[in-house]
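**Q** Take a look at the following structure, please.
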Amino acid sequence: MGSYKGAISPSKQLFIGALLVVSCVFLLCLFHDGLLVSSVLTACGLFLGGIIFGYYCACRQLFSLCSLRPSSSDIIGIMQRQRHDFLNHLQVVSGLAQLKKIDRVMEYVAIAAQELDCERSVTKFFPAETGLALLNWVQRLRNQGIPCHIDFSADLSQIGCGVRLAALLTELLANVVDEKSKPKEILLSSRKDDCIELRLIIRGHCLLSSISLMRSRELARRMGGILLVDQLEGMVQIRLLLPSTAASLA
């Protein structure tokens, strides 16, 4: 979770590789024309070396994503935010009670109960690693004022790829929520029929590039699943399809 921040995006890897190749070719062009053949061969070797180097970096980052484990600071941060929210709820209820606004008290308690039920759902219907990652994101979205709606109709708590699923959802949410992009609404749902389907709908978000989804697609493939993306104007729908046997691999 926390270690993900230092990863280099695929687009930056491609840019660095291309920059190295162009720089090397430019330097080789400075040599005499008699070295043209060797220069071309050297440029081709450097190009292939850049591809291999980029693939190596991508594999290392993918491995680090798949092996993410929640740290003590992650857990403490979640507990601190929960305690902060709970104290805020008590203060609001206390203030409304002093003003004898009983209707407002009941309305506020209902809203707080919905928030608690949302947090309960992500930790109940998913493996511990996935639930903790989602709980962290639910709290972050709430603090940023982004509505997050949860609708889980399938119990995936016994799924055997909890760590990779946590890495995949973290990767997807990190792509759509950052300093430059603030979606209007996020919906996360799950169902289990012939296969397991997780659906992530982001409203009020610009289109996602294919490069930004490279690691997500590879993570889905490593779980035996497939990632489908439907992009419409003002909305992105991402579906993760997993074989029903994944629920019995715990």
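**Q** Only loop residues by DSSP count here, and only those with at most 12 other Cβ atoms within 10 Å; note down the trypsin sites (Lys or Arg not before Pro) in region 141-181 that meet that.
**A** 180
**Q** Quickly work out the residue 158-to-residue 142 label distance, labels modelled 7 Å from Cα along the C-beta direction, and quote it in nm with one decimal.
**A** 3.0 nm
**Q** Nearest-5 percent of antiparallel DSSP beta bridges in region 146-250?
**A** Percent antiparallel among DSSP bridges in region 146-250 is about 85.
**Q** Sticking with this one: Provide 235, 106, 223 in ascending order of the number of other Cβ atoms located within 10 Å of each residue's Cβ, fewest first.
**A** So the ranking, lowest neighbour count to highest, is 106, 235, 223.
**Q** What's the center-to-center distance, using Cα atoms, between region 229-243 and region 124-198 in Å?
**A** 14 Å
**Q** Oh, and also: Give the Kirkwood hydrodynamic radius (Å, one decimal) of region 72-248, defined as one over the mean of 1/r across all pairs of different Cα atoms.
**A** 17.4 Å
**Q** When you count, for each residue, the other Cβ atoms within 10 Å and take the mean per peptide, how do 75-88, 190-203 rank with the highest first?
**A** 190-203, 75-88
**Q** Now for a different question. What is the extension gain from residue 115 to residue 80, computed as 0.36 nm multiplied by their sequence separation minus the C-alpha to C-alpha distance, in nm to one decimal?
**A** Taking residue 115 through residue 80 to full extension adds about 11.0 nm, to one decimal.
**Q** Give me, ordered by chain and number, the residues 5 or more places off residue 235 or on other chains with an amide H under 5 Å from its own placed amide H.
**A** 204, 205
**Q** When a footprinting reagent is the concern and you count Cβ atoms within 10 Å, what order do 170, 123, 245, 130 take, fewest first?
**A** Fewest-to-most ranking of 170, 123, 245, 130: 245, 123, 170, 130.
**Q** For residue 192, which aspartates and glutamates qualify as cross-link partners when the Cα separation must be under 17 Å and same-chain residues fewer than eight apart are set aside?
**A** Within the straight-line limit of under 17 Å, residue 192 reaches these aspartates and glutamates: 151, 155.
Values quoted throughout were computed directly from the atomic coordinates according to the rules given, and no laboratory measurement underlies them. Every value quoted in this text rests on a predicted model; they were computed, and no experiment measured them. Please note: Cβ atoms are built from the backbone with ideal geometry, for glycine as well, and neighbour counts cover all protein chains shown.
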